[in-house]
1. Kindly check whether there is at least one residue in the range 217-237 that is assigned to a helix (DSSP H, G or I), assigned by TED's automatic domain parsing to the domain that holds G151 and not charged (D, E, K, R).
2. Looking only at the range 177-197, decide whether some residue is at pLDDT 95 or above and farther than 17 Å from V155 by Cα.
3. Any idea which residue in the range 254-271 is nearest to A302 (Cα to Cα), counting only those that are touching a Ser or Thr at 6+ places or on another chain (Cβ under 7 Å) and assigned to a loop (DSSP other than H, G, I, E, B)?
4. Any residue at all in the range 34-49 that is touching an Asp or Glu at 6+ places or on another chain (Cβ under 7 Å), part of a strand (DSSP E or B) and of a type in the set (V, I, T)?
5. With (1) outside the structural domain of R295 (by TED's automatic domain parsing); (2) surrounded by 20 or more Cβ atoms within 10 Å (Cβ to Cβ) as the list, and A257 as the residue in question, which single condition is left unmet?
6. Being surrounded by 15 or more Cβ atoms within 10 Å (Cβ to Cβ), at positive phi and modelled with pLDDT under 95, is that true of even one residue in the range 236-247?
7. Run A317 past the list (1) under 24 Å from the mean Cα position of the chain (by Cα); (2) surrounded by 14 or more Cβ atoms within 10 Å (Cβ to Cβ) and report the number of the one that doesn't hold.
8. Out of the residues in the range 97-136 that are touching a residue at least 60 places away in the same chain (Cβ under 8 Å), acidic (D, E) and assigned to a loop (DSSP other than H, G, I, E, B), which is nearest to D31 (Cα to Cα)?
Amino acid sequence: MIALVEAAPGATRALVLDSDTVVEAYIARADDPLPVGLIAPARLADRRQGVVVLAGAEAQLAPVPADWPEGQTRLVEVLRPARPDGVRDKQARVMAHDGPARPAPDLATRLATAGHDVTPVPAHGPDVLADAGWDAVMEEVLSGRVEFPGGRLLVAPTPAMLAIDVDGTGDLARLAEAAARAVAALIRRHGIGGPVVVDFPSLGGRAPRAVVDAILAETLPPPFEKTAMNGFGLVQIIRPRWQLSLIEAVRQPGFAALELLRRAQRLVGPVQIEAQASVIDWLAAHPALIADCARQTGGTLALLARDGAGRGHVQPA
């Protein structure tokens with residue numbers, strides 16, 4: 001498969017394509033202090049709680065080696081990213097490592113290791129990434145609506161799990177079968193891990209429910225565990241959480257600002273970004289990103305805060 005990779009101020013994005021279909025989408029932020037795969041020195045700050053400090057951030061060490069005394073520094077590898085959601089924040093998870101230290105592999109390297117044909121996307125000229133489906137994927141994660149033939153998925157993140165409701169009309173068995181394929185594709189496309197609960201339409205009898213179960217078993221990206229559909233149409237799916245899903249990523253501070261910088265870098269000369277005050281404040285607090293974008297455009301980058309700006313606008317100044 002082809003992986004289109006685009007570098008922009010503050011983040012690198014990628015789409016994995018099967019022909020013209022987006023099967024996976026990624027964003028890797030440059031301000032992530034503990035990216036997965038990083039091997040770095042960490043000080044054991046609290047042995048009882050398994051808390052270590054590395055790269056200026058706290059992480060959860062599991063298991064804690066019996067011979068690692070509190071206060072000592074050793075190497076650890078980041079296995080799972082932090083998940084700050086403002087409700088029940090989760091620290092990054094790390095484990096002891098024998099070395100040597102190394103930075104985390106970048107997004108292009110990870111995709112190449114996975115066997116994809118990595119193709120860099122230029123920062124100027126036609127917006128290849130958007131044309132290939134980036135904006136459509138962003139609309140999915142921001143709106144929580146995913147259309148499929150005959151119906152739609154309504155996606156709602158909660159602190160405990162991701163809830164997906166199947167909505168549509170017509171024959172309920174056919175709707176549920178199409179929705180099962182759409183759920184599996186969504187989970188892969190958005191990189192969803194952790195617990196997921198899907199509310200399918202209630203199907204009478206075991207036979208139609210077994211068909212949906214078989215579709216999920218065949219199409220869900222491994223590894224996963226799942227329950228059989230119960231009489232109310234509910235299915236629970238659990239996958240490892242190796243990364244922040246796109247649904248989680250778009251809710252992190254600065255995401256909207258980074259998307260505007262991605263669009264701004266494609267213009268030439270002076271550029272103006274107009275957005276909500278919170279987005280403009282985040283940009284103003286990161287002058288290095290503004291300078292980076294200005295170097296790309298060859299002109300100044302002006303910031304304008306305006307209520308009612310929606311997701312923001314980018315235009316020549």
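The values are calculated or read from the model by the stated rules, or taken from the named source; none is laboratory data. Keep in mind that this is a model prediction, so the values were computed, not measured. All Cβ positions, glycine included, derive from the backbone under ideal geometry; neighbour counts span all protein chains shown.
1. Yes: one or more hits.
2. Yes; the residues of the range 177-197 include at least one that is at pLDDT 95 or above and farther than 17 Å from V155 by Cα.
3. P270
4. yes
5. Failed condition: (1).
6. Looking for residues that are surrounded by 15 or more Cβ atoms within 10 Å (Cβ to Cβ), at positive phi and modelled with pLDDT under 95, one finds none in the range 236-247, hence no.
7. (1)
8. My answer is D106.
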